[in-house]
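Each value in this text was obtained by applying a stated rule to the coordinates, not by laboratory testing. Small disclaimer: the values here were computed from a predicted structure and weren't measured. All Cβ positions, even for glycine, are placed from backbone atoms using ideal geometry, and neighbour counts span all protein chains on display.
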């Protein structure tokens, strides 16, 4: 009997930290249980061709979204697919690779659910929304040392993408189950990363946490046509406090938290990762439960 | 709980609910004020709701963000609808709405950008908003900003010559970041637009000025949202002719020209609120 | 002495300088860029120059939109079209929201010359002065126009700058910064105050020289900011001399003469003669011929000054026996 994998889409601008995030999730869920699809492989034009046509990779037209949707459909049905590969170093395509329908399939890129037909296939749609200041900070610390970019150049490059992001990437917010915002928090003149998690009020998985965490009262905000509940984590927590917090709302988080946090303190980012892993495990368990019941019904 | 899938009717349910709440605000505001324009406010509510709650990238916490999307209410007499939307979106307290048209209130009979957070342009004298929108769209191009500019015009307003001066300029400068939405409710103060001063063929007029034209049902989010979100594909400015019903949502106001600029009495207001699902 | 130069030329040069100094400065025109001199800016900064075509209402609306987005737009066309064809646009989209739009209006007054009444703005100052929050500048020569334009860019809020077509002699120093809201006292005197703006400042200076030859000392005021009006300076000289003559290349209704009359009648009622276009239209002719026809020459000013000095009871400080 073939089991449907759990399909997770992670949308967001490049440079937002999606790749790191997906790797962390894979590590925490267990690498043998996770397949990753990078949507950049589905570019329909290489760098040179894009230059000739005059479009950025953010435009739908620069991507073979038809093939991508076909692959989503097959993976969801438990089939393996031959996924194209794009090499960021050369700006051209490499050899395609097989992707197995493992229990968790993480799909990350600019447009994982830009069309409803794709959006409908996921079990969880995450929009990864990193604050511009943070993106600039990362890009500079990464590029400045290697290529000697100035702050102005980096800001200019980020600005140039804005039009396409607004028109082709951000509309996916309307299909999002979970918006993850990373933003800089200044603490004693050094800065750390704060995390906001936004979910539609209509079906919030984190709602049991809101009472616990939201000392400042519940914050709500409209995102992409729906009202969302906003949950903010700004401070590092001692390991025990974090564990107790999660146990207090009925989550058995020790194992995951230990792997995610490791040390004596848990950062907002690690806490968010832990919660996500727990949620994905819950989706999988539910899927398997449904599968069992169906088998009994047939039997 | 976890497998909340999207479906055709569900995607816009929250917007529909919000629009109905906005309509209730509009009726209450006009009842309190004792004057104002219910017809053209109610016909524009769904378009405004789609813009402010789904399509536009704006942040009430940071209303001066230089890269925010802009909205200009060229048909300034629909101010009550704009105020209700801005209040619900968090630009100012909902309690302000009661003060509409009162002496000293920020909520003037027509929008004043210096008094109301979130209002991008002072309007009221018809025919001017699109020119301002052209200026804003040019500014965005000049700054390399990804912001988009949306302008809502009345259909009667399209009889103003300046609208077509602006339309010509937008076509000339290929402002694909500019969207003009015409609230085509087919009525103006003196009667039907086609009798007072015919506008048809309206779509052809915009097309002739080098605009990309879309005609939609202005009360159906399944048509409003995709039309507004299409702006990124266009290589020229986009005109959306939204076919609407003046007074939409209140049976005795719908398609009645007499409700252009008259506020409901208390009894009429209560009846309207009942129909809109309020109290 | 330097060659005469039109105030619009000073404006055009200043725009180029502003373009270099500040990338938020943009310029718009309505198909008259050669006449308004915005063409200089257009050549050097084509990406920041927008032609609205023959569409003044849209010209002003576009400028308002650019200003609302943080730019400093200078919108230019002929004074008559800028004010009359877009008056409600300036009221609704610029003055009422207090947007930072600068209107550089050339070809003000009757010295437009041969084109005739249809192109001669004689009520533009009246119209602009009536708008709440509008600043109205009327530079006297190209130097002052240059400095006034720089000052307008620094000023927060709408500004109307009236410029002229013909070359006129340079009477102000080239590098004297322009202070908005201050009257320049070009000559001191005790017998009569000659208050002038624009091209008429030179005429008033000539008249003052002639008056001196005839034994009268005239104070000459350059009212280059018509609004907000420098009441303090005006009242000081009005009370010191006890008689005022205003000279403007504009209707005597609503312009400099009216502004001065309003202040004097409330604060310091002294005899006043307003020289200007007397509630009539302009016509075709050479600029000098027209000034003569409408009574705006130095001779006319001298005549008016002598008349008013007589009316107030002669020269100050000595008997007339």
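Observations on the structure shown:
- Between residue A:27 and residue B:222, the FRET efficiency from the beta-carbon distance, with R0 = 45 Å, is close to 0.60.
- Residues listed by number, the range C:203-239, amide nitrogen under 17 Å from residue C:179 label point at 7 Å toward C-beta: C:221-237
- Long-range tail of P(r) for the protein assembly as shown (Cα pairs > 57 Å, %): 25 percent
- Along each principal axis, Cα extent of the range A:1-129, largest first, Å: 48, 29, 26
- Inter-label distance for residue C:84 and residue C:156, nm, one decimal - labels placed 7 Å from Cα along Cα-to-Cβ: 3.6 nm
- Theoretical FRET efficiency, 1/(1+(r/R0)^6), r = Cβ-Cβ of residue A:187 and residue B:255, R0 56 Å, to 0.05: 0.40
- The length gained on full extension between residue B:203 and residue B:215, counted as 0.36 nm times the residue separation minus their Cα-Cα distance, comes to 3.5 nm.
- Per-q log10 I(q)/I(0), chain B, q = 0.11, 0.14, 0.15 Å⁻¹ (Debye; single scatterer per alpha-carbon; no solvent): -0.58, -0.97, -1.12
- What the Cα atoms of the range C:184-314 give is an Rg and a Dmax of 13.5, 40 Å.
- Most to least packed among C:191-203, A:244-256 [average Cβ atoms within 10 Å]: C:191-203, A:244-256
- Label point distance in nm, residue C:167-residue B:266, each placed 7 Å from Cα along Cα→Cβ: 7.7 nm
- Inverse of mean 1/r across different Cα pairs in chain C, Kirkwood, Å: 19.5 Å
- Peptides C:115-124, B:170-179 ordered by average Cβ neighbours within 10 Å, highest first: B:170-179, C:115-124
- Intensity falloff of the range A:73-192 expressed as log10 I(q)/I(0), Debye formula with alpha-carbon point scatterers, at q = 0.15, 0.19 Å⁻¹: -0.97, -1.24
- For peptide B:54-67, the mean count of partner chain Cβ atoms within 10 Å of a residue's Cβ comes to 2.
- FRET efficiency for residue B:114 and residue A:80, using Cβ-Cβ distance with R0 set to 56 Å, rounded to 0.05: 0.35
- Extended-chain gain in nm, criterion 0.36 nm per residue less alpha-carbon gap, residue A:133 and residue A:234: 34.7 nm
- Put the Cα centre of the range C:246-301 next to the Cα centre of the range C:169-221 and the gap is 15 Å.
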